[in-house]
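Bear in mind these aren't lab numbers, they're just calculated from the coordinates by the rules spelled out. From a predicted model like this one, the values you see are computed outputs, not experimental measurements. With ideal geometry, Cβ positions are generated from the backbone for all residues, glycine too; neighbour counts draw on all protein chains shown.
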Amino acid sequence: MSAVTIVGSLNIDLVIRAPHCPQKGETIVGGPFGMAGGGKGSNQALEVARLNARSHMIGCVGDDDFGRRLRSVLTENGVDCSHLQTRRELATGTAVITVTDEGENSIVIAQGANALLDEKDIYDAKKIFESSDSALFQMESPTGTVVAGLKLARQTGCKTFLSAEPPFSLPDDAWKNIDYLILNEKALSFYAGNKNSKGKIESMSHEILTRGVGCLVVTRSAKGGMIFENGGESFSFDAFNIRAVDNTGARDAFCAGFCVALGEGRPLRRAARFGSACGALACTKIGAHPSLPWRHQVGALLGEASGDDYEN
């Protein structure tokens, strides 16, 4: 069984359906409203657990109903929350999400207690890293905390995964501690220094690999994605043909599935395929936590009984 430590954000998502995302100064009448758990770290921790891997959550919530709700949901789904801190200084993180009829979204986040996750929290959880084969990070936590976590995870023998969104600058010495960097095309342009987003994916990806990253995964929504391995193969992978209802949490589901599959010893191509199935299924329901698929659902999409022997 794979064991993953997830360092990252926990939010309550306030979701409103709308015919389109409002423009500057525009007020529109939306559709149904919903509230569910979210935040990139929380999403990934929950999905790791639903894929039958051991999941350890490191993060911060406020001393409020939202924080207690998030802790309860994660614990009930088998996520180890022994290093999920409750802080009284700030409220639990909150995201306001508009979801269009096409399943696209726009998101505004209030970081709240997520901003309080610090390096001490990372070092206090050293034993958790030592018991894991992989560590998964995002950029909704303070950058210094993420950088410290990547370094400690590498020192304790974990394979490191960074879902580098939303994009924030990283110090030069952080890149060499990233085994797998996962991002979308917009973030790729940011990290490659191409502010006009007109660079070719291949050239931008290879430039980032020269910084010491082991493998770069570029997700492209309905277009699938591309993988560039430092000193190894490069290839594209397809997306699944599904009707998207809400893509909130889809990339988090991909990251979790990709991480778990590699932790189980699956080859890179098959891990990408498995992650794609997780991401596709997460688009078929509204809300982040409610949409994250279970192992048997991923297996069914892949044409397998359990998802344990999925093929390309």
query = Can you work out the base-10 log of I(q)/I(0) for segment 169-312 at q = 0.11 1/Å, using the Debye formula on its C-alpha atoms alone?
reply = -0.41
inquiry  = Contact order normalised by length for the chain, with contacts defined as Cα pairs under 8 Å and 6 or more residues apart; what percent is it?
reply    = 17 percent
request  = Please report, largest first and rounded to whole Å, the three semi-axes of the ellipsoid equivalent to segment 5-122, where each semi-axis is the square root of five times an eigenvalue of the C-alpha gyration tensor.
outcome  = 28, 16, 11
note = Contour minus Cα-Cα span, Asn241 to Ile16, at 0.36 nm per residue, comes to 78.5 nm
task = Kindly give Rg over Rh for segment 82-156, based on alpha-carbon atoms, with the Kirkwood expression for the hydrodynamic radius.
result = 1.07
query = Under the Kirkwood approximation for Rh and a Cα-based Rg, what ratio Rg/Rh is obtained for segment 135-223?
reply = 0.95
request  = Calculate, in nm to one decimal, what Thr100 and Ser234 gain on full extension: separation in residues at 0.36 nm each, minus their alpha carbon distance.
outcome  = 44.9 nm
ask   = P(r) of segment 219-271 in 5 Å steps, Cα pairs, percent per bin?
value = 4, 17, 24, 28, 17, 7, 2, 0
request  = Would you mind calculating the relative contact order of segment 166-312 from Cα pairs under 8 angstrom and at least 6 residues apart, reporting the percent as a whole number?
outcome  = 16 percent
ask   = For segment 144-186 and segment 33-73, what is the separation of their Cα centres, given in Å?
value = 21 Å
inquiry  = What Kirkwood Rh does segment 135-181 have if only Cα atoms enter the pairwise 1/r average? Answer in Å.
reply    = 10.3 Å
Test item: Cα-centred dipole of segment 1-94, Lys/Arg +1 and Asp/Glu -1 on Cβ, debye = 100 debye
request  = Taking the Cα centre of the chain as origin, work out the dipole magnitude from +1 charges on Lys and Arg Cβ and -1 charges on Asp and Glu Cβ, in debye rounded to 20.
outcome  = 180 debye
task = Take the Cβ-Cβ distance between Lys200 and Glu89 as r, set R0 to 35 Å, and report the resulting FRET efficiency rounded to the nearest 0.05.
result = 0.20
request  = Return the whole-Å distance between the Cα centroid of segment 88-107 and the Cα centroid of segment 198-263.
outcome  = 24 Å
message = Using the crude model of +1 on Lys and Arg Cβ and -1 on Asp and Glu Cβ, and no other charge, please compute the dipole size for segment 167-312 relative to its Cα centre, in debye to 20.
response = 500 debye
query = Just in segment 1-94: which trypsin sites (Lys or Arg not before Pro) are loop by DSSP and have at most 12 other Cβ atoms within 10 Å?
reply = Lys24, Arg88
ask   = Which is the longest stretch in the chain that no exposed loop site breaks, taking sites as GluC sites (Glu not before Pro) with a DSSP loop state and at most 12 other Cβ atoms within 10 Å?
value = 103-232
query = Restricting to the chain, what percent of DSSP beta bridges are antiparallel, rounded to 5?
reply = 35 percent
message = Let me check against my output: what whole-number percent is the relative contact order of segment 1-123, with C-alpha pairs under 8 Å and at least 6 apart?
response = 31 percent
ask   = In segment 45-177, what is the volume of the convex hull around the alpha carbon atoms, normalised per residue and reported in Å³?
value = 128 Å³
key: Over 20 Å between alpha carbons, listed pairs Lys40/Lys186; Lys127/Lys151; Lys200/Lys223; Lys40/Lys176; Lys120/Lys186   = Lys40/Lys176; Lys120/Lys186
note = Relative to the compact-globule estimate 2.2 N^0.38 Å (N residues), the Cα gyration radius of the chain stands at a ratio of 0.93
note = Taking every other residue with Cβ under 9 Å from the Cβ of Gly78 and scoring Lys and Arg +1, Asp and Glu -1, one gets 0
